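The values are calculated or read from the model by the stated rules, or taken from the named source; none is laboratory data. Worth saying up front: this structure is predicted, and the values here are computed from it rather than measured. Counting neighbours? That spans all protein chains shown, and the Cβs are built from the backbone with ideal geometry, glycine included. Accessible surface areas use protein heavy atoms only, side chains included; no ligands, DNA or RNA. Shrake-Rupley method; radii C 1.70, N 1.55, O 1.52, S 1.80 Å.
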Amino acid sequence: MKIGLFIPCYVDQFYPKVGIATYELLQKLGCEVEFPMGQTCCGQPMANSGYAHLTKGCDANFIANFSGFDYIVCPSGSCVLHVKDHLHDEKQEEKATAIRNTVYELTEFITDVLKIDHIDGRFPYKVGMHVSCHGQRGLKLSQMSELNAPFFSKPEQLLHNIEGLDLVALTRKDECCGFGGTFCVTEEAVSVKMGQDRIKDHESHDVDYITGGDMSCLMHLDGILKRQKSRIKTIHIAEILNSLEN
């Protein structure tokens, strides 16, 4: 199984350890992984700002880098959802369609494609799981709490079997953190207040770490935590799952 590793541009620049953890984890799970060196931004910031018509260069480059893989895997639900919803190229629409149908968020790929329901890693800390909006409401990685429907969570399913990890039950488990991409720039005060409210839920449960599947949300929360001089740290779920031994 040949995997194209899709690493968001901000992860590549600011959080390379998350990309490395994703690469190592997929290898440990038996995948042949390749990181296309020519990949750049997928175009999500432009599309979310109303400029999707300016992403044609990003689309063409994405297709050039990721055509031909069995699957494309990314440690970010928001970037995956953007590709699934927006990747088009009138000159290469067949290739674009193939990519849209084979791009997966990391935990989704592990549970749905590899059919792995537990990972025997170790992380002896109390952890709060931040549920990102794109992953939950767009990719259906977990059940929305406002629905009268059976609970499920693909990320939590994997975390529950990590030795020593105490996954707390948050009071408002799928509330938005306020990041929202460019929203945190155009509506800074609202964004920060939403983030502070989200953190209070984790603080009330005395967590050591906040984890999640989108480093963008965790970046937002981490900035607030550091300004508050909090002892709580953030960590991407790939870094926890990568505690799996070879």
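The residue that is farthest from VAL103 (Cα to Cα), among those in the range 1-46 that are in contact with a strand residue (DSSP E or B) (Cβ under 8 Å, 6 or more places away or on another chain) and part of a loop (DSSP other than H, G, I, E, B), is TYR15. Filtering the range 47-70 for residues that are under 18 Å from the mean Cα position of the chain (by Cα), surrounded by 14 or more Cβ atoms within 10 Å (Cβ to Cβ) and either in a loop (DSSP other than H, G, I, E, B) or modelled with pLDDT of 95 or more (or both) leaves an empty set. If you scan the range 85-101, which residues turn out to be closer than 30 Å to LEU159 by Cα and buried (at least 20 other Cβ atoms within 10 Å of the Cβ)? ILE99 - this is the single residue of the range 85-101 that is closer than 30 Å to LEU159 by Cα and buried (at least 20 other Cβ atoms within 10 Å of the Cβ). Scanning the range 93-135 for residues that are among the charged types (D, E, K, R), touching a Ser or Thr at 6+ places or on another chain (Cβ under 8 Å), touching a residue at least 60 places away in the same chain (Cβ under 8 Å) and farther than 15 Å from GLY213 by Cα yields one hit, ARG122. Filtering the range 125-143 to residues that are among the hydrophobic types (A, V, I, L, M, F, W, C) and open to solvent by less than 30 Å² (accessible area, probe 1.4 Å) leaves VAL127, MET129, VAL131, LEU139, LEU141.
To keep it simple, each residue is scored yes or no on (1) of a type in the set (Asp, Glu); (2) open to solvent by 40 Å² or more (accessible area, probe 1.4 Å); (3) more than 17 Å from the chain's Cα centre (by Cα); (4) over 27 Å from GLN13 (Cα atoms).
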| residue | (1), (2), (3), (4) |
| --- | --- |
| SER153 | no, no, no, yes |
| GLN157 | no, yes, no, yes |
| ALA169 | no, yes, yes, yes |
| ARG172 | no, yes, yes, yes |
| CYS184 | no, no, yes, no |
| GLU188 | yes, yes, yes, no |
| LYS193 | no, yes, yes, no |
| THR211 | no, no, no, no |
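Residue pairs whose Cβ atoms lie under 7 Å apart, separated by 6 or more positions or on different chains, with the first residue in the range 204-225 and touching a residue at least 60 places away in the same chain (Cβ under 8 Å) and over 16 Å from ALA238 (Cβ atoms) and the second of a type in the set (D, E, K, R) and in a helix (DSSP H, G or I), are LEU221/ARG198. Can you name the residue in the range 71-84 that is without any contact (Cβ under 8 Å) to a residue 60 or more places away in the chain and open to solvent by 20 Å² or more (accessible area, probe 1.4 Å) and is also nearest to LYS140 (Cα to Cα) among such residues? Ranking the candidates gives LEU81 first.
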